[in-house]
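Structure record follows, encoded as C-alpha cells.
The values are calculated or read from the model by the stated rules, or taken from the named source; none is laboratory data. Note that this is a predicted model, so its numbers are computed, not measured. Neighbour counts run over all protein chains shown; Cβ positions are idealised from the backbone, glycine included.
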Protein chains: 2
Amino acid sequence: MTHLVAASSVQDVLVDLFVLLLFAKLGDEVFRRMGQPTIIGEILAGVVVGPAVLGWVEVGETVEVFAELGAVFLLFWVGLETKLDDLRDVGATAGLVGALGVVLPFAGGAGLAAALGEEAAVVVFAGAALVATSVGITSAVLSELGLVSTPAGRTILGAAVVDDILAMLILGVAVGIAGGGGADYTSLLVSTGLAVAFVAFVALGGTRLVQRRPGILKAPKFSESPLLPAVILCLGLAALSAKIGLAAIIGAFLAGMVVAETREQHPIEEEVAPLYAFFPPFFFAFIGLQLVPGEYTDRSTLALLAAVTLVAVVTKFAGAWLGARRLGPREATIVGVAMVPRGEVGIVIAGVALAEGAVSEEFFAVVVGMSVLTTLIAPPVLRAVSRPPAQS
Amino acid sequence: MTHLVAASSVQDVLVDLFVLLLFAKLGDEVFRRMGQPTIIGEILAGVVVGPAVLGWVEVGETVEVFAELGAVFLLFWVGLETKLDDLRDVGATAGLVGALGVVLPFAGGAGLAAALGEEAAVVVFAGAALVATSVGITSAVLSELGLVSTPAGRTILGAAVVDDILAMLILGVAVGIAGGGGADYTSLLVSTGLAVAFVAFVALGGTRLVQRRPGILKAPKFSESPLLPAVILCLGLAALSAKIGLAAIIGAFLAGMVVAETREQHPIEEEVAPLYAFFPPFFFAFIGLQLVPGEYTDRSTLALLAAVTLVAVVTKFAGAWLGARRLGPREATIVGVAMVPRGEVGIVIAGVALAEGAVSEEFFAVVVGMSVLTTLIAPPVLRAVSRPPAQS
C-alpha cells in the first residue's frame, strides 16, 4: 500500500487530514518524551508519512490550505500576545534586523549561484530563496520557550514583518528578470507602498478603533462570545494580506494585535486555543511533506545542499545579529538564531521559481532541503542559547 | 466582478473560506434578529454568494472538505450530548422510524418516476434520492430547540443511523442497476454487514473501553487537555466510516458518544465549542452553494420540482410518523417533521447518479432543489410543532 489516498475525493482528503494530524501528534509525543522541541517531531512526522518516505499523504490543495491556516492561527495567537506599544519600542532595531537579515542572505545566495556560473535568473532566485524568515516556525519556538514578550521576541516579530515586505519586493524583481522583461519597477513600487500602507493602517488604525470601541467584537448577536467575529477578522486580513502580495500570516498577526486591544484578551485566548491546537500541526507536518523523494541521493546535490544551508545559516545569523547588536550579546544571539529557519517561505519561493521555469528540479529540491534543515537546526540551538545564565 | 475567485491557488481558497464564513454569519445574524431559524440564514447566504446568484464562491475540493468537517463537528457535538443507554431505550422505535422513513419515500420517488415513464435506472435513483434524512440539519435544529435529549430527539438520532445504513444499501443497488450489470448482492451484503458491525462495535465496544479507562484521552503528553486526542478519534472514525460506505458523520457521532463516556464531558464540550462554532457554517452555506444556476426558470422543471418536493415531504413524514406513533401524537409529529430535511444527502446521491450518467442535468437540479426546499421547510415547522402546549 504505497498510497493510502488518491487525493481526489472528499473522503480521501479526510483520511489525509486524519493521518497527518495523528502522526504529527505522535511525533510531538515522541519528541516531548525525549525532552526535545516538539515542532521537530511534527516536521519529521510529515517527512515520514509524506512522499519522501512512506507516501501515505500527498500534497494537495486542501492539505496546503490546512497548512496555511495552521500558520494563520499560529500568528493570530502570537498577535494576541503582542501589544503595538511593545513593537514600537523595538521598532528601529527590528527594522535594522529585518534589513540586514535580508541583504546578507540575498548576497550570499546570489553570490554562491554566481560563483557556480549560473545564469541571471537562477542567481536572483537563489538570493531570493535565502531571504525570508519563517515567522511561523520562529513564533512557535518563541512561544514554547516563553520568549514572545521579551525584547528579543518583539524584535524578532517586528523584523519578520519588515523581512516579509522586503522578500516580496525581491521576489517581484526575480520574477520580472526570469520573465525576460526585467522588473517592472513602477508596479513593484506600488505594491510595496500598498503593503506598507496596509500594515501601518491596520496596526495603527485598527488598534485605535478597537481601543475606542472595545465592545465591537461583541456587537453581533450571532455569537455570545467574540470568537467568531475575531476569527472572521483574522481570515479577512489574512486573505487581504495575501491578495496584496504579503504573506497571509502578516494579516493574521495584525488581526491578533487588533483583537488583543479589546482588553478581553484572556477569554478570547481560551477560545482560540482549540483552533490553535487543531490547525498548526498541519503547518509543521506540511513542511516535512514537501521533501522531494529521490533527489537527495546524488553526492553533488548533497554537497550543494550543505553549501547552501551553510550560507543560509551564516548570512542570516550574521545579518540579524549585527542588526540586534545594541540589545547586548545574549539577546543578539537569540535574535540571530531565531531568524534562521526558512520554513515554508523558502519552499514557496523555490516553488515560484520552478513554476516560472527559471530553475531546475535539483534547485527546488536543494532549497526545500535547506528550508527543512534550517528549520530543524534552529529550535534546539535557540533553546540552548536562551537558557538563563547559570547562577553560581 | 462575477468571480472573486478562480479556486486554483491557496490564496484564492482562503478568500473563498473568508467570504463563506462572513456571509453565513451575516445570514445567521439577520435571521436571528428576525427571530427565525438561523441555519436558514446560513443556507440562504450560500445561495446568495454561490453560483446561483452572485457567483463569488465556487464549489471546490477544499470548500467541500470544510463543509464535510462542518457536518462532522456538528455530529461529534451531538454525540457528546448522547448516552448509549438513552439510544438503547428508543431502539425499537428508532428502527421502525428509520425503516418506514426509507420505504415510503423510496416507493414515492420511484413511483413518481415510473409514472412519468422514466427508465429503470432513473426510477431507482429517484427512489434513492428521496430516501436519506440529513441528520446534520436535523441535529442542528434539535440543538437549537434544546430537543436533543428528549425521547423524540433520541429516536430521530437513532433512526438517522438506521436510515443511513439502508440508504447505503439502496444506493449500492441503484449504482449496480445503472451500470447495467444489475446489483452485486454479495458485495452489498458484505458492506451492509460491515457497516452494522462497525456501528455496533464502536457503540458497544468503544463506550465500554472508555468506561473502564476513563482517563484514556488524557494519556498522551502532547496535550494537557483531552481535546486533540478526542478530535483525532473523531476524524479517524469519520474517515473509517466514509471508507466503508457510510456517511462520515455516523463515525463522528459514534466518536462523540464514546468521548462522552469519559465523564469529563463538560470541559471537553467547552473545548470543542470553538471548533463547533467555526466549521458548521461551512456545511450550511455549502448546501445553498450547490443550487444549479439557470435550471429553475423552465416551467416544467418547476412543476417537477414541486411534485418531487411534495412527494418527499409527505412520504418521509408519513413513514416516520407511523414509526414513531407509539410515542404519542405530539412526539410522532416532531419525529416526522425532523426527518424531512434531505440536506446534503439527497444532493450527494443525485451527484452519484449524474456521475454514473444515469440521469439528466434536470434530474440533478430538481433533486438539489428538493433537498434545499425540504431543508428550509423543516426548521420553522419543527419549531412550531415542538412548542409546549399553551397553558390556560
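Checking every residue in segment A:90-111 against the condition of being of a type in the set (S, T, N, Q), surrounded by fewer than 23 Cβ atoms within 10 Å (Cβ to Cβ), more than 21 Å from A:VAL366 (Cβ to Cβ) and over 16 Å from the mean Cα position of the chain (by Cα) gives zero matches. Looking only at segment A:129-152, residues that are of a type in the set (Gly, Ala, Ser) and more than 15 Å from the chain's Cα centre (by Cα) come to 3 in all. Kindly check whether there is at least one residue in segment A:179-196 that is under 19 Å from A:VAL135 (Cα atoms) and either part of a helix (DSSP H, G or I) or of a type in the set (A, V, I, L, M) (or both). The answer is yes, given that some residue of segment A:179-196 is under 19 Å from A:VAL135 (Cα atoms) and either part of a helix (DSSP H, G or I) or of a type in the set (A, V, I, L, M) (or both). Quick check: is even one residue across segment A:319-326 modelled with pLDDT of 90 or more, of a type in the set (D, E, K, R) and under 15 Å from the mean Cα position of the chain (by Cα)? Among the residues of segment A:319-326, not one is modelled with pLDDT of 90 or more, of a type in the set (D, E, K, R) and under 15 Å from the mean Cα position of the chain (by Cα), which makes the answer no. The condition of being assigned to a helix (DSSP H, G or I) and under 24 Å from B:PHE282 (Cβ atoms) holds for only one of B:VAL173, B:VAL161, B:VAL123, that being B:VAL161.
The residues of segment A:121-139 that are among the aliphatic types (A, V, I, L, M) and either under 13 Å from A:PHE364 (Cα atoms) or free of Cβ contacts under 8 Å to residues at least 60 places away in the same chain (or both), listed by number, are A:VAL122, A:VAL123, A:VAL124, A:ALA126, A:ALA128, A:ALA129, A:LEU130. Between A:VAL13, A:VAL49, the distinction of being at the interface with chain B (Cβ under 9 Å from one of its Cβ atoms), crowded, with 20+ Cβ neighbours inside 10 Å, modelled with pLDDT of 85 or more and within 23 Å of B:CYS234 (Cβ to Cβ) belongs to A:VAL13 only.
Scanning segment B:210-257 for residues that are hydroxyl-bearing (Ser, Thr, Tyr) and either surrounded by fewer than 22 Cβ atoms within 10 Å (Cβ to Cβ) or not in a helix (DSSP H, G or I) (or both) turns up B:SER223, B:SER225. Going through segment A:266-307 one residue at a time, which ones are within 12 Å of another protein chain (Cβ to nearest Cβ) and among the small types (Gly, Ala, Ser)? Across segment A:266-307, the qualifying residues are A:ALA273, A:ALA277. When the test is whether a residue is surrounded by fewer than 19 Cβ atoms within 10 Å (Cβ to Cβ) and touching a residue at least 40 places away in the same chain (Cβ under 8 Å), A:LEU20 does not pass it.
Listed by first and then second residue, the pairs with beta-carbon distance under 7 Å, at least 6 apart or on different chains, first residue in segment B:64-90 and part of a helix (DSSP H, G or I), second among the polar types (S, T, N, Q), are B:VAL65/A:THR62; B:LEU74/B:SER139; B:LEU75/B:SER139; B:VAL78/B:SER139; B:VAL78/B:SER143; B:LEU80/B:GLN265; B:LEU84/B:THR207; B:ASP86/B:SER149.
Looking only at residues of segment A:352-382 that are surrounded by fewer than 16 Cβ atoms within 10 Å (Cβ to Cβ) and in contact with a helix residue (DSSP H, G or I) (Cβ under 7 Å, 6 or more places away or on another chain), we find that the one that is modelled with the highest pLDDT is A:GLU362. If the condition is being facing another protein chain (nearest Cβ under 8 Å) and of a type outside the set (Ser, Thr, Tyr), then segment A:27-41 contributes A:ASP28, A:GLU29, A:ARG32, A:ARG33.
Quick check on this structure: which one of B:LEU96, B:LEU104, B:LEU142 is in a helix (DSSP H, G or I), farther than 30 Å from B:ALA355 by Cβ, in contact with a Lys or Arg (Cβ under 9 Å, 6 or more places away or on another chain) and among the hydrophobic types (A, V, I, L, M, F, W, C)? Only one candidate passes the filter, namely B:LEU96.
This table checks each residue for (1) buried (at least 22 other Cβ atoms within 10 Å of the Cβ); (2) at pLDDT below 90; (3) touching a Phe, Trp or Tyr at 6+ places or on another chain (Cβ under 8 Å).
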position: A:PRO267; (1), (2), (3): no, yes, no
position: A:VAL292; (1), (2), (3): no, yes, yes
position: A:ASP298; (1), (2), (3): no, yes, no
position: A:ILE334; (1), (2), (3): yes, no, no
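Against the numbered list (1) in a helix (DSSP H, G or I); (2) surrounded by fewer than 20 Cβ atoms within 10 Å (Cβ to Cβ), B:VAL202 comes up short only at (2). Here B:ALA67 fulfils each of the conditions (1) within 21 Å of B:ALA365 (Cα to Cα); (2) surrounded by fewer than 24 Cβ atoms within 10 Å (Cβ to Cβ); (3) within 14 Å of chain A (Cβ to nearest Cβ) apart from (2). Just one of the listed residues (A:THR192, A:THR262, A:THR186, A:THR207) is more than 14 Å from chain B (Cβ to nearest Cβ), over 16 Å from A:GLY70 (Cα atoms), surrounded by fewer than 24 Cβ atoms within 10 Å (Cβ to Cβ) and modelled with pLDDT of 80 or more, and it is A:THR207. The residues listed here are B:VAL202, B:VAL210, B:VAL175, B:VAL231; of these, the one that is β-branched (Val, Ile, Thr) and over 30 Å from A:LYS25 (Cα atoms) is B:VAL175.
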